[in-house]
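Trainee: Once you've had a glance at the structure underneath, I'll fire off some questions.
The values are calculated or read from the model by the stated rules, or taken from the named source; none is laboratory data. Not measured: the values here are computed from a predicted model. Using ideal geometry, Cβ is built from the backbone for each residue, glycine included, and neighbour counts are taken over all protein chains shown. Accessible surface areas use protein heavy atoms only, side chains included; no ligands, DNA or RNA. Shrake-Rupley method; radii C 1.70, N 1.55, O 1.52, S 1.80 Å.
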Amino acid sequence: MSKIHMNFKQFGVLLSISTILGMNVIASKALAQETPSIIFGKATAVGGCIVEDQLTGPDGRTLAIILDQTTMTAKEGERKRCILRINATIPSGYRAQKLQVLYQGSTDVNSGSKGTSLSRSFNFAGGALGVFTTVPKSTSFTSSELFFQQNDEIDFTSNSCGGEGQFGINLIAQSSPGSSIIVDSSDLNAGDGNVICYFPIVRC
């Protein structure tokens with residue numbers, strides 16, 4: 001009789017363990033559903049710059065674009081332009097309403113030089129990201145900076161709950177005589193990529 005009782009106790013323990021494991025699986029699935037990923041298409045570039053690679057962050061909503069720094073180096077009065085186009089598919093049931101972009105690079109300004117600047121503007125082309133173009137924004141550098149970071153935050157209203165859209169970034173690196181500017185990922189601790197895009201998304 002005690003042996004049978006022990007088997008029932010063992011069965012109860014196994015049942016409890018399987019219940020806990022089952023709950024963990026359900027919780028993991030629920031967590032995954034709470035943090036869906038955006039599907040980013042391959043970034044394309046025109047204007048003279050070259051996309052070497054791109055990386056999607058572990059959160060599924062961050063995209064790091066790695067540019068060939070030789071094509072985004074402007075010195076002694078040069079002007080370099082890069083136009084990026086990226087398709088983004090927002091998960092069903094979610095809406096993107098903001099884009100945050102981080103730029104990284106370095107600049108060297110000699111005495112007597114007017115310095116350098118980094119200009120950028122954005123355009124969104126339909127679908128889940130809406131349709132609009134931003135006013136160009138520019139940051140000037142009048143002294144040398146071994147490493148700089150610039151951040152932009154763009155609020156927008158998407159046209160749909162989930163679905164595909166396209167966004168574009170227009171970058172212009174301008175130098176003057178006696179100065180140079182490079183858009184590169186010189187500080188890997190800040191994230192791999194010259195241009196890092198982040199889309200926080202919310203439920204519709």
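Trainee: Do we find a residue being closer than 24 Å to Ile50 by Cα, touching a helix residue (DSSP H, G or I) at 6+ places or on another chain (Cβ under 9 Å) and open to solvent by 20 Å² or more (accessible area, probe 1.4 Å) anywhere in region 138-157?
Mentor: Checked against the condition, which is being closer than 24 Å to Ile50 by Cα, touching a helix residue (DSSP H, G or I) at 6+ places or on another chain (Cβ under 9 Å) and open to solvent by 20 Å² or more (accessible area, probe 1.4 Å), region 138-157 yields at least one hit.
Trainee: So, in region 102-131, how many residues would count as being at negative phi and open to solvent by 60 Å² or more (accessible area, probe 1.4 Å)?
Mentor: Qualifying residue count, region 102-131: 5.
Trainee: Would you point out which residue out of Gly77, Gly47 is touching a Lys or Arg at 6+ places or on another chain (Cβ under 9 Å) and either open to solvent by less than 80 Å² (accessible area, probe 1.4 Å) or farther than 14 Å from Val195 by Cβ (or both)?
Mentor: That would be Gly47, the only listed residue that is touching a Lys or Arg at 6+ places or on another chain (Cβ under 9 Å) and either open to solvent by less than 80 Å² (accessible area, probe 1.4 Å) or farther than 14 Å from Val195 by Cβ (or both).
Trainee: Provide a single number: the residues in region 164-180 that are more than 18 Å from the chain's Cα centre (by Cα) and within 17 Å of Val202 (Cβ to Cβ). Walk me through it before giving the result.
Mentor: Step one: filter region 164-180 for residues more than 18 Å from the chain's Cα centre (by Cα), giving 172-180.
Then keep just the ones that are within 17 Å of Val202 (Cβ to Cβ); that gives none.
Count: 0.
Trainee: So if I check each of Thr142, Thr71, which one is within 17 Å of Val195 (Cα to Cα) and over 19 Å from the mean Cα position of the chain (by Cα)?
Mentor: Working: Thr142 fails: within 17 Å of Val195 (Cα to Cα).
That would be Thr71, the only listed residue that is within 17 Å of Val195 (Cα to Cα) and over 19 Å from the mean Cα position of the chain (by Cα).
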